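The numbers here are math on the coordinates, done by the rules we state, and not lab data. Worth saying up front: this structure is predicted, and the values here are computed from it rather than measured. Counting neighbours? That spans all protein chains shown, and the Cβs are built from the backbone with ideal geometry, glycine included.
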Amino acid sequence: MADWRSTLIAELHDAFALQRTLAERAIAQLEDTQLFRVSGDGDNSIAVLMKHVGGNLRSRWTDPFTTDGEKPDRDRDSEFVVAGNDAAAVRAVWERGWSALDSALLALRPADLERTVVIRGESNTVVKALLRSLAHTAQHAGQIILLAKQWRGEDWQTLSMPRAPRA
């Protein structure tokens, strides 16, 4: 019988991967200019959300056992500014974050789940940090999907099972 901790690591990896896939399938339906569109003043664009998720994942999951999850080189406030950014730059931040997470998850061993990581000076179990990160990522993936659906309008291609036609 498999160690439940190995199963948990695999399930968390799959859950993160699903959020990434859904967000990227939504993003793929857009023109690059639509990544920067906002609903109103003070609202986040998809580009902002991508930079924020990427920055958060990179910070949390780069060297999680030896450094604080809020890295000193992370400028969180700059994640919410896209002036001077292009779609390629935004995608690069997104990719760096997911790469850091994937590396951390692939390196995790069952015993690591009993270890502690520090985020903003606060000690967290690895399980708590992973669940918190998954919830945060899923929240923003949902925002990305909702905005992409709004920007595509009638041309939106559903990411899941389409609704049954109305009679």
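Some points to look at:
- Whole-Hz Karplus values for region 98-111 come out as 5, 5, 4, 4, 4, 4, 5, 5, 5, 7, 5, 10, x, 5 Hz, taken residue by residue from phi with 6.51 cos²θ - 1.76 cosθ + 1.60 and θ = phi - 60°; glycine and proline positions read x.
- Counted charge near Ala10, where neighbours are those whose Cβ lies closer than 15 Å (Asp, Glu -1; Lys, Arg +1): -3
- Shape class for the chain: oblate, because the ratio a/c of the largest to smallest gyration tensor axis (alpha-carbon atoms, square roots of eigenvalues) is 1.5 or more and b/c is at least a/b.
- Amide hydrogen proximity for Arg115: with H placed 1.01 Å from N in the peptide plane, the residues at 5 or more positions away or on another chain lying under 5 Å are Val126.
- Gain on full stretching of the segment that runs from Thr125 to Gln150 - 0.36 nm per residue minus C-alpha separation: 5.2 nm
- Förster radius 25 Å - calculated FRET efficiency between Ser39 and Leu134 (Cβ-Cβ, nearest 0.05): 0.45
- Under the simplified labelling scheme, the Arg76-Val118 pair shows an inter-label distance of 1.7 nm, with each label point 7 Å from Cα along Cα→Cβ.
- The length gained by stretching the chain between Asp86 and Asp14 to full extension, at 0.36 nm per residue less their Cα-Cα distance, is 23.0 nm.
- Averaging Cα coordinates gives a centre for region 55-102 and one for region 28-49; these two points are 18 Å apart.
- Only Lys, Arg, Asp and Glu carry charge here, each on its Cβ (+1 for the first two, -1 for the last two); on that basis the chain has a dipole of about 360 debye about its Cα centre.
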